[in-house]
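Structure, as structure tokens:
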Amino acid sequence: MLRQAQSGDLEDMIALRIEAEQWLSARGIRQWTPDYDEYARSALAKFVDAGMAWIVEIDGQVIATASLNEPDPDFWGWADDQEDALYLSKMIVSRKHSGQDLGSAILNWASVRAASNGRRWVRIDVRRDNIKLHRYYLARGFTYVRTYHAPQRRTESGWLAQRPAGLLTPSEVVLSSLP
């Protein structure tokens with residue numbers, strides 16, 4: 001089941017992030033690092049409080065999360081159609097449920113949600129040097145837009161991509177949200 005995250009879900013969401021961070025680090029992939037822990041906690045809490053964070057749960061256990069938020073002006077401020085997109089971020093799938101195509105299902109859900117809200121795009125910004133992650137998104141219908149380094153930001157994000165709202169890519173999993 002996919003539903004909007006509540007404040008009581010925050011610790012489970014943080015646990016997913018830490019699990020992903022450790023898994024990535026063990027493979028030499030710098031995606032999320034411990035020096036961003038406080039930032040990650042505050043960002044996730046902000047998204048939960050604003051009603052922008054979502055979780056997937058099975059039998060009461062949080063197994064994935066993603067946020068649909070407003071454009072980050074540091075990365076998308078140049079775009080004259082910023083309001084014509086939903087911005088997906090903080091997508092994390094539990095390692096226990098990896099390989100089950102849950103990420104693709106979340107992307108499809110976000111795409112349908114964007115289209116149903118009259119938006120044209122689902123947009124992302126990800127770490128600039130994570131080539132495997134770039135390939136993951138490109139294989140799921142995203143088109144590379146540009147790479148940008150926001151000098152005022154302490155982040156390695158800035159690889160920007162988008163996919164048309166309503167586009168569905170093959171996935172054995174289908175998610176729908178509760179009203």
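The values are calculated or read from the model by the stated rules, or taken from the named source; none is laboratory data. Bear in mind that the values here come from a model prediction, so they are computed numbers and not experimental data. Cβ placement follows ideal geometry from the backbone for every residue including glycine, while neighbour counts extend to all protein chains displayed. The area values use the complete protein model at the heavy-atom level, side chains included, leaving out ligands, DNA and RNA. Shrake-Rupley method; radii C 1.70, N 1.55, O 1.52, S 1.80 Å.
Points worth noting:
- Options I106, I92: the member that is in contact with a strand residue (DSSP E or B) (Cβ under 6 Å, 6 or more places away or on another chain), assigned to a helix (DSSP H, G or I), at pLDDT 95 or above and hydrophobic (A, V, I, L, M, F, W, C): I106
- Count of residues meeting criterion [closer than 19 Å to R127 by Cα and either in a strand (DSSP E or B) or among the aromatic types (F, W, Y) (or both)] in the stretch 46-77: 7
- The combined condition, being modelled with pLDDT of 95 or more, open to solvent by 30 Å² or more (accessible area, probe 1.4 Å), assigned to a strand (DSSP E or B) and over 20 Å from V48 (Cα atoms), is fulfilled by V145.
- Matching residues in the stretch 1-29 - criterion: being within 18 Å of S98 (Cβ to Cβ), small (G, A, S) and open to solvent by less than 60 Å² (accessible area, probe 1.4 Å): A15, A20
- Close pairs from the stretch 146-160: first within 15 Å of D129 (Cβ to Cβ), partner open to solvent by 30 Å² or more (accessible area, probe 1.4 Å) and in a loop (DSSP other than H, G, I, E, B), Cβ under 6 Å, at least 6 apart: T147/R128; E156/R128; G158/R128; G158/Y148; G158/H149; W159/R128
- Positions within the stretch 30-45 being within 14 Å of I92 (Cβ to Cβ), part of a loop (DSSP other than H, G, I, E, B) and either open to solvent by 40 Å² or more (accessible area, probe 1.4 Å) or modelled with pLDDT of 90 or more (or both), in sequence order: W32
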